Amino acid sequence: MKKQVLILVGIIVLVTGFFYFTRTPNSQQGIIFEAEREVVSEDGFGNESDNMSLAVETEVENDLLVMVFVDVQGEVVTPGVFEVSADVRVSYLIGLAGGLTADANVRGLNQAARIYDEMVIFVPHVDEQIVSSGAVVINDGLISISIASALELQSLPGIGPTLSANIIEHRNANGDFQTIDELLNVTGIGHGIVENIREFVRP
């Protein structure tokens with residue numbers, strides 16, 4: 001009888017021990033899982049407000065990557081049209097164009113200026129200078145008909161808004177003027193006008 005009691009007690013101890021040791025790891029795993037979840041939350045991946053902040057930051061970064069096209073002309077090593085980020089400056093574009101030539105005149109050229117889409121950066125020759133209107137004028141006062149603005153052209157005798165627009169349209173379609181006489185190819189301009197403005201202009 002005593003032997004049966006001892007056997008029964010032994011069985012109860014074994015069963016109790018078995019349940020104790022098999023359930024303990026599960027509870028520990030639950031604690032570990034909770035701890036990992038807290039760590040993830042602290043890192044910001046489980047927090048909704050943090051995710052919204054990350055989305056806003058990403059949107060701002062994308063805005064800074066807006067691309068624009070800028071035309072670099074004149075006294076640079078490799079003139080051309082460049083696609084760049086909108087947050088760069090004129091000096092960066094000059095660098096992309098290979099830098100300045102030995103004949104470049106940077107006096108009055110704001111290399112720190114911000115760029116914008118369809119901008120034209122013109123680096124004049126040492127014999128040229130930039131005036132406040134944005135047109136390029138020779139040091140002796142002659143106006144370059146290849147790059148002068150409409151207002152600059154209208155300062156010439158016999159050239160009004162219509163003819164200045166025709167000159168700009170012609171050079172946009174055919175490129176810079178190589179001689180003054182090429183103005184005769186512009187609609188509305190005859191020999192009389194060419195002779196009247198000859199002493200005031202250069203190609």
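The values are calculated or read from the model by the stated rules, or taken from the named source; none is laboratory data. What you are looking at is a predicted structure, and each value in this text was computed from that prediction instead of being measured. Here the Cβ is made from the backbone with ideal geometry for all residues, glycine too, and neighbour counts use every protein chain on show.
Structure notes:
- Annotation note: Cβ proximity below 6 Å between a residue of region 102-131 that is at positive phi and a residue that is modelled with pLDDT under 85 and outside any loop (DSSP other than H, G, I, E, B) (sequence gap 6+ or interchain) occurs for 108/130.
- Extreme residue, nearest to residue 100 (Cα to Cα), among residues of region 61-87 that are at pLDDT 90 or above and of a type in the set (A, V, I, L, M): 76
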